[in-house]
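Heads up, the thing below is written out as structure tokens.
The values are calculated or read from the model by the stated rules, or taken from the named source; none is laboratory data. If you're wondering where the values come from, they're calculated on a predicted model, not measured in any experiment. We place every Cβ from the backbone using ideal geometry, glycine too, and count neighbours over all the protein chains shown.
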Amino acid sequence: MVISILCGGSGTRLFPLSRELLPKQFASILPAKHSPSLFQETLARNVALGQIASTPTKLQIITNESLYFLAKDQAQDLGIHIDHYILESYGKNTAPALALAALHTQKHYGGDEIILALPSDHLIAKDNYKSCIEQALAHAANNQIVTFGITPTSAHTGYGYIQVDKLTQKVLGFYEKPESKTAQEYVDSGEYFWNSGMFCFKASVLLDGLKRHANDIYTLCEEIFAQSQSQRIDEQECLRLDRELSQKLREESIDYALMEKADNIACITSQLHWSDVGSFESLREEYPSDEHSNATNTHFIAKDSSNNFILSSRPVVGVGIEDMIIVDSDDCLLVSKMGESARIKEVLPLLREAYPELARAHRTTYRPWGSYTILLESSFYKIKQIIVKPKSRLSLQKHFHRNEHWIIVNGSALVQVGEKEIFLQTNQSTYIPMGQSHRLENPGKIPLVVIEVQMGEYLGEDDIVRLADDYARK
């Protein structure tokens, strides 16, 4: 069995906790201070299944190439080995992603290999999970494409629904997010289940279905797979999908492309505790509440305030507030009425226009070599804290619009400026003139901490030319 974990997403629904460069599956959003990410929860939950299929379990991650190192680092933090990474240049939804996962699996393990395809950003309790997967494997072995329906606990309007014949487990229909009245009718009937977005199938069966019902996606994915190159990036085997061909793919979900049209669909129904954590209202359910239904991760000093969800790293004082969502990050404050947070996507285009970098990244941004945090910035200077992991280095690069000053505050650094190499220790510094090639390396055993002062007329992160890079970035 191949467990294929889909790690796409643009980080919009839980802004400002998640951003484009740190979407919710990799962000720290759960109640415990040092809780695992949703991606790590997904890895651990499925590794714990052990070998429940006839072949050893393999792990396959499908993600955007810009998020690869986050997935790799978080898997390594758990001591979990990933067998294969498939790196997308463009996210085109689940139909192309699963087609490419099936093509990759068929090449390496054969068309009869069963794939368990899972979102990376859902919360699922372990109770009965293994039993559900075992049932799905039995159906998949019989050439069915299996989906998983969750017994609804409320008339939720934020989920899609699956209509199921409970005697045969055959799927009668897929339905998009309904209005409140329709959702209640679904729940009352007992025939409708929340669509979990999880699937189980033989690689060849999925490909045959796509060839029949979405031939354009199947044909182009075959071409992309044939033209894509496998390469080792940071000691890990990766398949980097052809960028030019991938751009031509139409964006389509597997539900529309195949599930609604095929006649070999089965559904495993379950009372699993499941959430797609797709809104702040659903995230709130994972946090404890006080006697006034205020859920928070901080010290909330309240007077006449009830039914609020507040996330902050600082104490919060509330007076006479009700039904509010308040999310305080270090660079942006979100205030929303309870029940309205799904409309964040309507505001984000305005945010991108006014503050493009705010929608894209947090103040702390993670890179394959470590991270950087923006401490202070203005129109003509920017101050960063850079942390470089031991035995790691940044790309050999240059900038056209800024000069840089580096001050070593902890550890030791090997600095290349032009043709010269300089070894710097704590309290030492160097200067990088505009247009000069340069590189920062940590040759030591402890993290290297550098304060970088940038000065120039343009300080955008896109002012970079990479001349050489250990992580095959362009």
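Out of (1) over 25 Å from Glu340 (Cα atoms); (2) in contact with a Phe, Trp or Tyr (Cβ under 8 Å, 6 or more places away or on another chain); (3) of a type outside the set (A, V, I, L, M, F, W, C), what's the single condition that is false for Ser120?
(1)
Please count how many residues of the stretch 161-183 are under 27 Å from Asp121 (Cβ atoms) and either surrounded by fewer than 21 Cβ atoms within 10 Å (Cβ to Cβ) or not assigned by TED's automatic domain parsing to the domain that holds Val146 (or both).
Count: 11.
Taking Phe400, is it of a type outside the set (A, V, I, L, M), without any contact (Cβ under 8 Å) to a residue 24 or more places away in the chain and over 21 Å from His362 (Cα atoms)?
So Phe400 does not fit the description; no.
Table: residues versus (1) within 13 Å of the chain's Cα centre (by Cα); (2) closer than 30 Å to Glu223 by Cα; (3) outside the structural domain of Leu333 (by TED's automatic domain parsing).
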position	(1), (2), (3)
Ile29	yes, no, yes
Val47	no, no, yes
Pro56	no, yes, yes
Gln74	yes, no, yes
Leu78	no, no, yes
His81	no, yes, yes
His84	no, yes, yes
Gly110	no, yes, yes
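Report, by residue number, each residue of the stretch 140-160 that is among the polar types (S, T, N, Q) and either without any contact (Cβ under 8 Å) to a residue 12 or more places away in the chain or surrounded by fewer than 17 Cβ atoms within 10 Å (Cβ to Cβ) (or both).
Asn142, Asn143, Thr151, Thr153, Ser154, Thr157
Let's see how each residue does on (1) within 18 Å of Ile217 (Cα to Cα); (2) out of contact with any Pro (no Cβ under 7 Å at 6 or more places or on another chain); (3) modelled with pLDDT of 95 or more:
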| position | (1), (2), (3) |
| --- | --- |
| Leu87 | yes, yes, yes |
| Leu100 | yes, yes, yes |
| Thr105 | yes, yes, yes |
| Leu118 | no, yes, yes |
| Ala141 | no, yes, yes |
| Thr153 | no, yes, no |
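Conditions: (1) in contact (Cβ under 8 Å) with a residue 12 or more places away in the chain; (2) assigned to a loop (DSSP other than H, G, I, E, B). Ile61 meets all but one. Number of the miss?
So the condition that Ile61 fails would be (2).
Any idea which of Thr182, Thr157 is farther than 17 Å from Ala95 by Cβ, polar (S, T, N, Q), modelled with pLDDT of 95 or more and out of contact with any strand residue (DSSP E or B) (no Cβ under 7 Å at 6 or more places or on another chain)?
Answer to the check: Thr182.
Any residue that is farther than 25 Å from Arg314 by Cβ, of a type outside the set (Val, Ile, Thr) and not assigned by TED's automatic domain parsing to the domain that holds Glu452 - is there at least one of those in the stretch 355-371?
yes
Under 7 Å between Cβ atoms, at least 6 apart or on separate chains: pull out the pairs that start in the stretch 337-356 with a residue that is of a type outside the set (Asp, Glu) and end on any residue that is in a helix (DSSP H, G or I).
Met338/Glu281; Gly339/Glu281; Ser341/Phe280; Ser341/Glu281; Leu348/Ala359; Leu351/Leu358; Leu351/Ala359; Arg352/Ala359
Please work out which residue is surrounded by the most Cβ atoms within 10 Å (Cβ to Cβ), limiting yourself to the stretch 71-127 and to residues that are hydroxyl-bearing (Ser, Thr, Tyr) and over 22 Å from Gly278 (Cα atoms).
Thr105
Looking only at the stretch 168-199, count every residue that is of a type outside the set (S, T, N, Q), under 25 Å from Ile115 (Cα atoms) and out of contact with any Gly (no Cβ under 9 Å at 6 or more places or on another chain) and tell me the total.
Residues in the stretch 168-199 being of a type outside the set (S, T, N, Q), under 25 Å from Ile115 (Cα atoms) and out of contact with any Gly (no Cβ under 9 Å at 6 or more places or on another chain): 5 in total.
I want to confirm something. Restricting to the stretch 312-349 and keeping residues that are of a type in the set (Gly, Ala, Ser), in a loop (DSSP other than H, G, I, E, B) and farther than 13 Å from Arg284 by Cα, which single residue is nearest to the chain's Cα centre (by Cα)?
Residue satisfying both the conditions and the ranking: Ser329.
Does Phe225 count as farther than 28 Å from Tyr109 by Cβ, of a type outside the set (Gly, Ala, Ser), surrounded by 15 or more Cβ atoms within 10 Å (Cβ to Cβ) and in contact with a helix residue (DSSP H, G or I) (Cβ under 6 Å, 6 or more places away or on another chain)?
no
Could you check the stretch 208-280 for strands (runs of 3 or more DSSP E) lying wholly inside it with 3 or more residues that are more than 23 Å from Pro23 (Cβ to Cβ)?
229-233, 265-270
Within the stretch 357-398, which residues are under 23 Å from Phe423 (Cα atoms), charged (D, E, K, R) and surrounded by fewer than 16 Cβ atoms within 10 Å (Cβ to Cβ)?
Result: Lys391, single match.
Condition first: within 27 Å of the chain's Cα centre (by Cα) and not assigned by TED's automatic domain parsing to the domain that holds Tyr68. Can you find one or more residues in the stretch 451-461 that meet it?
There is at least one residue in the stretch 451-461 that is within 27 Å of the chain's Cα centre (by Cα) and not assigned by TED's automatic domain parsing to the domain that holds Tyr68.
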